[in-house]
Amino acid sequence: MDNLQYSPLTLAFLGDSVFELLVREALVKEANRPGSELHKEKLEFVSAAAQAEAFRVIESDLSEKELDVFKRGRNAHTNHTPKNMSSADYHAATGLEALFGYLHLEGETERINELFQKIWEARNFE
């Protein structure tokens, strides 16, 4: 099956775990610290607002195909938007997750790492 044939929400389902694993690995590599601290920092980085900002960091580096995958994820109809975040951030986060899910299915590990590294280095942009 062509990976573009998966629904954007299916790609986001997978991409959520890909992105979270990258965040967890980066946090562990930074310093050995208590699990509760790692969990707290991870939650801040995988929030919809943080993922929406992460997209803005890499947006200009995306290929046309990557941007199309993001847009499919962003525009996907979801059944709900969590109360503690804006609809725009939630949809942008879904788009970012769809992109990471798609790249994972494509076996584009190097590209995933390249994009994530740029996001990680810019994480104190606020």
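The values are calculated or read from the model by the stated rules, or taken from the named source; none is laboratory data. If you're wondering where the values come from, they're calculated on a predicted model, not measured in any experiment. All Cβ positions, glycine included, derive from the backbone under ideal geometry; neighbour counts span all protein chains shown. With ligands, DNA and RNA removed, areas are computed over all heavy atoms of the protein, side chains included. Shrake-Rupley method; radii C 1.70, N 1.55, O 1.52, S 1.80 Å.
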Rounded to a whole number, what is D in µm²/s for segment 3-68 from Stokes-Einstein with the Kirkwood radius over alpha-carbon pairs (25 °C, 0.890 mPa s)? 182 µm²/s
Quick one: what Rg and Dmax do you get for segment 50-120 from the alpha carbons, in Å? 11.9, 35
Enter the accessible area per residue of the chain (Å², integer; probe 1.4 Å; all protein chains in place). 59 Å²
Cα-based reach from Lys71 at 14 Å (exclusive), listing aspartates and glutamates while leaving out same-chain residues under 8 positions away: Glu59, Asp89, Glu97
Set Lys and Arg Cβ to +1 and Asp and Glu Cβ to -1, take the dipole of the chain about its Cα centre, and tell me which of Ser63, Met1, Ala31 lies farthest positive. Ala31
Percent accessible area from carbon and sulfur atoms, the chain, protein chains only, probe 1.4 Å: 50 percent
Expressed in angstrom, Rg and Dmax over the Cα atoms of the chain are 14.0, 42
